[in-house]
Amino acid sequence: MKTSRAAPALAGGATPLSALRGVGASVAEKLAARGLCSVQDLWLHLPLRYEDRTRLTPIRELQSGVPAQVEATVEAVERGFRYRPVLRVAVGDGSHATLVLRFFHFRAAQAAQFRPGARLRCFGTPRPGQHGLEIVHPSYRVLGDDEDPSLGDTLDPVYPAVEGVGPATLRRLVGQALDLLPEAAALELLPASLPGIAGLPGLRDSLLLLHRPPPGADLAAGTHPAQRRLALEELLAHHLSLRRQRLAQQALHACALDGPGVLARRLLKQLPFALTGAQRRVFDQVRADLALPTPMQRLVQGDVGSGKTVVAALAATLAVERGCQVALAAPTELLAEQHLANLRAWLEPLGIRVAWLAGKVTGKARAQALAEVASGEAQVVVGTHALMQEGVAFHDLALVVVDEQHRFGVQQRLALRDKGPAHGHVPHQLVMTATPIPRTLAMTAYADLDVSAIDELPPGRTPVTTVAVSAERRPELVERIRAACAEGRQAYWVCTLIEEAEDDAKPGQGMKLQAQAAERTFEQLSQQLPGVRVGLVHGRMKAPEKQATMRAFKEGALDLLVATTVIEVGVDVPNASLMIVENAERLGLAQLHQLRGRVGRGAAASSCVLLYQPPLSALARQRLDVLRQTNDGFVIAEKDLQLRGPGELLGTRQTGLAAFRIADLARDAGLLPQVHELADRLLLDFPEVADRVVARWVGGAVRYAAA
Ligand code: ADP
Ligand code: MG
């Protein structure tokens, strides 16, 4: 989408932003930073919300909390200073009530505008003040003597902010872009004969409605037919693009890893446990894929502790048996170390050489590891992102295993895959995740992957007992930790923060506050539990510091770990049997389930205590009940999807899903079966349309959220 071909908009080609008045290089650059590279992108940059300036509300009828537009005359002005300068402007409109406009930031020229008798039109949200209602920082304009500007007949859009481009400019540019919309028939890509399309408004009407809605349009829930129409087309585009990537993959060649499986059998014999039925089934699926000369692209979903690593190790033996190499990448050094220990314990007795390549491997050790990888002497290489860097060359890479893939960007996954084209072969890919997502979502989000599920835990695990407890009972929990640690057990205390939804909250602010909350809790608990060795990890600590604390906890040198939600997915501390999660009602169910997976990994009975701030809403109680009732990540994921209200995003960071412009997988999940059906029909009957739909929405590359 970045290169501007002169193709007309309707063909799916991009019209450059320079076609709009007032877009120079600098504005274009700022828009591009936000993914807005063409006129078409502006069409799809939909408002976050709207402001109704289509009517005037008499001051007497204003209601607290309800945004409104008022036309009034300045009655009195007061400049004061209480902690900070403040400007108060009392206005009236003859409706026998006064409204106060209050400004904290203002320039002298601005203050001078408000002389008594001046007429204003202003817009804002009134709140109760010292003397009746007031609006803090309204948007306003001073009207000339006989100026009587007409009211708009559509709601004003408020667009997601673009750094460096003011809201008014953005509004004007989108308006200009909309003026370039071709006629309905030329814009429409989806044939009306397709299932479900005829019942929805056309693309042109939908776009115009959402950018310039009539007063009273019901758009807040995101389920207006125009919104559904756009979400449908966007989901369709992503689905098609992934299916296309998959087809492209299938045209490539991979080394068929179809040996007799002698090493795998030896590994199985030497393991101290038997595979679960689910592990066996998934390994069979993987093995069948690997035996083919086309690259495997399989996602293995398995709840925390379901035993994915051993399946990866078995797959690795199949590559080694064929004389090829395997790379296993984990998102953090600690996780990678854990894999290294496991793989060395399992594979070295079979005579397989396992090399280690992480960021902290430097100098001679790194040079040696690189040489072993390049010569093929190292048959399996375990590491972090470092594996994906330039300068890492493989002798004959045939299988790439990526653990906890949502923590990697898709680009990184592809970078590792691209390290394999020795002898014209592309490596097979095995992607593992502990974040189960519902099947319908998986089909859309991972349409380029086959999905297997390890849906059974190894025997002998005592399920974690989960209870929800009011935060008022916190002192009891401190006692409980004391008791558990006295018995030689370890515990986690997870701090989360109730974040204030502030419009001007700076990015990173949440993390800072969260870190402060964790520091406070750490100090309190250290004081209250004198005999207990307490550690702290949070997102603002440097990686080595974090890792050192995690390692100390893992090795038993700490009894209690106070952490924010950054504590790692997949870290195995079997001796930890108690977890407390603060403000549990604020977290997604999938995330709580992930956190809870840190305990219950050993033989001891484990508990997870979900602390909540009373009073608990009915919905919040229902959600916490789901966790109390089941330990099955797939059931939890389905419920989470059902219970989440509209607008609450299924976090892209949680799942590694593509970033959508309009669609919201949680809100629009109901559309997915239709998306799949539409995709089948399009590919069959209108393949050229499929290409154009992808080009319009996805462009050359799928836009993935940063992992
Ligand atoms: P995850 O799926 O979360 O990555 P791991 O692969 O780390 O899980 O396995 C968790 C623990 O269970 C490890 O200690 C592993 O050795 C053990 N394990 C794996 N499979 C089995 C099994 N079939 N029976 C008993 N223990 C198993
Ligand atoms: Mg794991």
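What follows draws every value from the coordinates through simple rules; no lab data is involved. Computed from a predicted model, the values in this text were never measured in an experiment. When we count neighbours, we look across all protein chains shown, and the Cβ atoms used for this are built from the backbone with ideal geometry, even at glycine.
With r as the distance between the Cβ atoms of THR630 and ALA109 and R0 = 45 Å, compute the FRET efficiency 1/(1 + (r/R0)^6) and round to 0.05.
After rounding, the FRET efficiency stands at 0.10.
Hey, what's the Kirkwood Rh for the stretch 180-298 if you take every pair of different alpha carbons, in angstrom?
It works out to 19.2 Å.
Between helix 509-528 and the chain, what is the angle of the helix's C-alpha long axis to the longest principal axis, kept within 0 to 90° and rounded to the nearest 10?
Helix 509-528 and the main axis of the chain meet at about 60 degrees.
Among ALA447, LEU665, ALA378, whose Cα projects farthest towards the positive end of the dipole of the chain, with charges put on the beta-carbon of Lys, Arg (+1) and Asp, Glu (-1)?
Farthest along the dipole direction, towards plus: ALA378.
Give the Cα extents of the chain along the principal axes, in whole Å, largest first.
Over the chain, Cα extents along the principal axes are 92, 68, 48 Å.
Can you classify the stretch 114-221 as rounded, prolate or oblate using the Cα gyration tensor, where a ≥ b ≥ c are the square roots of its eigenvalues, rounded means a/c under 1.5, and otherwise it's prolate if a/b beats b/c and oblate if not?
Note, shape of the stretch 114-221 comes out prolate.
Tell me, which longest segment in the chain has none of the GluC sites (Glu not before Pro) that fall in DSSP loops with at most 14 further Cβ atoms within 10 Å? If you can, show how the numbers build up before the last one.
Numbers: sites that count: GLU147, GLU163, GLU183, GLU377, GLU390, GLU487, GLU499, GLU500, GLU502, GLU555, GLU648.
Answer - 184-376.
So how many Lys-Lys pairs in the chain land under 17 Å Cα to Cα, not counting same-chain pairs under 8 apart?
6
Whole angstrom only: what separates the Cα centroid of the stretch 118-196 from the Cα centroid of the stretch 212-234?
If you average the Cα positions of each part, the centres end up 16 Å apart.
Can you give the FRET efficiency for ALA274 and GLU29, using 1/(1 + (r/R0)^6), R0 = 60 Å, r = Cβ-Cβ distance, to the nearest 0.05?
Step by step, r from the Cβ atoms, then E = 0.50.
Taking neighbour Cβ counts within 10 Å as the exposure measure, how do LEU616, LEU46 sort from fewest upward?
Fewest to most other Cβ atoms nearby, the residues stand as LEU616, LEU46.
Using just the helices of the chain, give the 222 nm mean residue ellipticity in deg cm²/dmol: DSSP H runs with n ≥ 4 each add -39,500 (n - 2.57), and the total is spread over all residues, rounded to 500.
One gets -11000 deg cm²/dmol as the mean residue ellipticity at 222 nm.
Pop out the Kirkwood hydrodynamic radius of the stretch 294-414 from its pairwise C-alpha distances, inverse of mean 1/r, in Å to one decimal.
Value: 14.4 Å, from the Cα pair sum.
Would you please give the FRET efficiency between ALA345 and ALA192, computed as 1/(1 + (r/R0)^6) with r the Cβ-Cβ distance and R0 = 45 Å, to the nearest 0.05?
Once the sixth-power term is evaluated, E becomes 0.15.
About its Cα centre, how strong a charge dipole does the stretch 51-126 have in debye, to the nearest 20, once Lys and Arg get +1 and Asp and Glu get -1 at the Cβ?
Dipole magnitude for the stretch 51-126 comes out near 360 debye.
Below 8 Å between Cα atoms, with a sequence gap of 6+, how large is the relative contact order for the chain in percent?
13 percent
I'd like the antiparallel share, as a percent to the nearest 5, of DSSP beta bridges with both residues in the chain.
In the chain, DSSP labels about 40 percent of beta bridges as antiparallel.
What's the exposure ranking of CYS324, CYS122, going from fewest to most Cβ atoms within 10 Å?
Starting with the residue having the fewest Cβ neighbours, the order is CYS122, CYS324.
Distance from a point 7 Å along Cα→Cβ of ARG141 to each backbone N in the stretch 38-62: keep the residues under 18 Å and list them by number.
51-57
Using +1 on the beta carbon of Lys and Arg, -1 on that of Asp and Glu, and nothing else charged, what's the dipole of the chain about the Cα centre, debye to 20? Mind showing how you got there, number by number?
Working: 79 positive and 73 negative charges, 278 e Å.
For this selection, approximately 1340 debye.
Nearest 10 degrees is fine. How inclined is helix 363-375 to the longest principal axis of the chain, computing both from alpha carbons?
70 degrees
Counting other beta carbons within 10 Å of each Cβ, put SER150, SER375, SER139, SER607 in order, fewest first.
SER150, SER375, SER139, SER607
Specify which residue in the list GLY124, ALA111, VAL91 is farthest towards the positive end of the charge dipole of the stretch 15-142, using unit charges on the beta carbon of Lys, Arg (+1) and Asp, Glu (-1), about the Cα centre.
Going by the charge dipole, the pick is ALA111.
If you take every DSSP beta bridge fully contained in the stretch 8-108, what fraction is antiparallel? Give it as a percent rounded to 5.
Among the beta bridges of the stretch 8-108, antiparallel pairing accounts for roughly 100 percent.
Is there a quick way to get the dipole size of the stretch 571-626? I mean about its Cα centre, with the Cβ of Lys and Arg at +1 and of Asp and Glu at -1; what is the value in debye to the nearest 20?
For this selection, approximately 60 debye.
Angle check, please: helix 333-347 long axis (alpha carbons) against the longest principal axis of the chain (alpha carbons), in degrees 0 to 90, nearest 10.
The helix 333-347 is inclined about 20 degrees to the chain.
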